[in-house]
Structure formats: C-alpha cells, structure tokens
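S.K.: Before anything else, here's the structure in question.
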C-alpha cells in the first residue's frame, strides 16, 4: 500500500539470530530461487532492530552454521512452478521418466511443491495418466502454461499423500507393507535416536538388539536405506523384501569377488 512502512520490531538477539540462520540455510539450499527476496526481507527486518541487537547479530551470525542442502539444478523452473501452484495454472510439460528412459508430454494440474532428498518435486494431477503423480522438477525438460486454470481439490492433502512414503517414492495405489527389521545391538542406539517415520515402532530385545516396525507405501526406498546397514540389519518381513536384500547382497559379493555363503557365515551367522 502507498505510504506503508515497517515499524520497529521488538525482537531479542536469539529471535533475530534464529530468523537469520533459518533464512540463510533455506536460501542457500532448497530456497535458492528465493535467495534475493529472502535477503531483501531479512535486511529490512534487521534494519528495524535496536542498534545493540544489530551489533550482536552481525558478530554472532557467522559463528553458528546450519549445513545447507545443495539442490539439484532446476534452471529457474521452481519460481514458475511456485506461481503455477499458487495461481492454479495448468501446465504442459515435456517430462523425462528415469524408469522408462523416455520423454513424454504431460498435462498437469499442479497441486503442491515439496523438497525432499536434495531435490524439488511437483505433485499434481496428470491428465495423461488420469491420476495424481509426483514429478522431479529437474526432469522437466520444457514447460509452459496451457492457458487454463483448474480447481484445487478439497480432498487433497500433501501431508496425507506423502504420509506412508519412506521418503519420496510411493508404491502402487493402495499398496502398503509392514516392514519388520532386526537391528543388531551395536547399531540399535543409532536407530533409536532418530524418528525415521511417523508409523515406526521399536521393540527392545534381551540381547540389546531391536525390532523396528514401520508401515510404508512400497518397499523400494526402504530397501536402499536398509542396505546402508549391511549385516547389522536383518529383514524379518515381508519375505519379498528379505529376498530382495539377499539378492542385492549376493550381487555385491559377486562384484567384489567374494563367496556369499562364506561372507554371511563370518559376518552374520544367523542370516540365511
């Protein structure tokens, strides 16, 4: 509005420091496309702070650091996607599918943007597939607006849509699996100190190991996570995931020129 001004802000050093650090971490990582506007906004707010608070902020902000999450290059697309989501603009995109190694044209109603595992993802209704799909932003090769708008569905929730994903990937519609994993005593404390998933349950066992239970949509992603823990994690169920882990272990042994039976006997005698 004409004549608008920001009055002095009553903010202590801790509050101001939290704001600056959060803004810096966001703008250096997933919020890179907002870097200039974030910097401008923070500068305006800092300018209204009392002199002593500004001085402490200037000397202290560089002494506390939050690792920024380097993002996949999206060639400026995020800003356009941001506007499309806010203004319910329908999109026409040329999208590269990694699983099919194919570029195809899609008409998409963009519902939401989410940042996960160092990349931005667009969630929206794909008219080509007649279903809600997730698209990795850096795989959008060409994008423009169709000129049409869409009605945002009242029953869609990004939180609910992503709730059962381990991180990003979702299984076939309605496909859910209860995964039970036994983690060895040595690694158990590290597993227990993190809230990995909203559905996780942990049961302590007499020998110090734990049973980790979680319900996920599809098991592909959690399989890769479990492989990080090598012989210190054993899938109890489902049997299909147990077999996939065993097959991956066998291929790893073959690559390194090792005999699977000998390796498992030495490293984890109870694994079959």
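Each value in this text was obtained by applying a stated rule to the coordinates, not by laboratory testing. The shown structure was predicted, so the numbers you read here are calculated from the model rather than taken from an experiment. A quick note on method: Cβ atoms are made from the backbone with ideal geometry, for glycine too, and the neighbour counts reach across all protein chains shown.
S.K.: Order by neighbour count: 125, 115, fewest other Cβ atoms within 10 Å first, most last. Let's see the in-between values first.
M.R.: Working: 125 19, 115 16.
Result, fewest neighbours first: 115, 125.
S.K.: Using 0.36 nm times the number of residues separating residue 203 and residue 187, minus their current alpha carbon distance, what extension gain do you get?
M.R.: Working: separation 16, 0.36 × 16 = 5.76 nm, distance 1.41 nm.
The residue 203-residue 187 span can extend by a further 4.4 nm.
S.K.: Is the shape of segment 70-129 rounded, prolate or oblate, going by the alpha carbon gyration tensor and its root eigenvalues a ≥ b ≥ c, with a/c under 1.5 for rounded and a/b larger than b/c for prolate?
M.R.: Working: a/c = 1.74, a/b = 1.03, b/c = 1.69.
Here segment 70-129 falls in the oblate category.
S.K.: Then there's this: Highest mean first, how do 153-159, 211-217 rank when packing is the count of other Cβ atoms within 10 Å averaged over residues? Write down the numbers at each step before the final one.
M.R.: Numbers: 153-159: 10.0, 211-217: 19.0.
Sorting 153-159, 211-217 by mean packing, highest first, produces 211-217, 153-159.
S.K.: Let's test the formula: R0 of 30 Å, r as the Cβ-Cβ distance of residue 133 and residue 15. What FRET efficiency results, to the nearest 0.05?
M.R.: Working: r = 40 Å, r/R0 = 1.35.
Between residue 133 and residue 15 the formula returns 0.15.
S.K.: While we're here: With a/c under 1.5 counting as rounded, go ahead and sort segment 177-267 into rounded, prolate or oblate using the C-alpha gyration tensor (a ≥ b ≥ c being the square roots of the eigenvalues; past the cut-off, prolate if a/b is larger than b/c, else oblate). Could you put the intermediate results ahead of the total?
M.R.: Details: a/c = 2.20, a/b = 1.42, b/c = 1.55.
Taking the square roots of the gyration eigenvalues as a ≥ b ≥ c, segment 177-267 is oblate.
S.K.: From Cα pairs below 8 angstrom and at least 6 apart in sequence, can you work out the relative contact order of segment 77-156, rounded to a whole percent?
M.R.: Working: 153 pairs, mean separation 26.2, N = 80.
After rounding, I find 33 percent.
S.K.: Something else now. Evaluate E = 1/(1 + (r/R0)^6) for residue 47 and residue 250, where r is the Cβ-Cβ distance and R0 equals 51 Å; express this FRET efficiency to the nearest 0.05.
M.R.: It comes to 0.25.
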